[in-house]
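Take a look at the structure below.
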């Protein structure tokens, strides 16, 4: 592969149906790099945006993409049409509660107990 074939057109579909891109990326671009790009280009008017790369999951062809893989390694041969655009779904994970907050939220939940006499 040389020249233009090493470039892949990718757009990122957000949960509300809007898109970032499409943009051209080298096949050697890592998934972690794509996530960093998503962070920088995340629309400012969106209420729940990712805070870090760890908050973002990318899904392509039904598979969650790993940070250490490259775009070329994640390409599905079925979706690899010349001049085609690959759409990746962007999933933002909600922020994790730290242990103290988690215990406090569990303490506030009411527990129901049934007693039959």
Requested in this report: Only residues that are out of contact with any strand residue (DSSP E or B) (no Cβ under 9 Å at 6 or more places or on another chain) and either in a helix (DSSP H, G or I) or closer than 15 Å to residue 35 by Cβ (or both): list them for segment 52-64, please.
Outcome: 52, 53, 54
Report task. Please find, within segment 31-53, the residue that is surrounded by the fewest Cβ atoms within 10 Å (Cβ to Cβ) out of those that are over 16 Å from residue 20 (Cβ atoms) and modelled with pLDDT under 90. Result -> 47
Query raised in the report: Which of the residues spanning segment 12-28 are more than 11 Å from residue 90 (Cβ to Cβ) and surrounded by 17 or more Cβ atoms within 10 Å (Cβ to Cβ)?
Result: 25
Query - Any chance residue 60 is at negative phi and crowded, with 17+ Cβ neighbours inside 10 Å - result: yes
**Report entry** Residues that are part of a loop (DSSP other than H, G, I, E, B), in contact with a helix residue (DSSP H, G or I) (Cβ under 8 Å, 6 or more places away or on another chain), at pLDDT 70 or above and surrounded by 10 or more Cβ atoms within 10 Å (Cβ to Cβ), drawn from segment 65-117
**Finding:** 65, 66, 67, 69, 93
Report summary line: residue 56 passes all but one of the listed conditions (1) modelled with pLDDT of 85 or more; (2) more than 16 Å from residue 10 (Cβ to Cβ); the exception is number (2)
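The values are calculated or read from the model by the stated rules, or taken from the named source; none is laboratory data. In this text, all values refer to a predicted model and were calculated from it rather than measured experimentally. For neighbour counting, all protein chains shown are included, and Cβ atoms are generated from backbone atoms with ideal geometry for every residue, glycine included.
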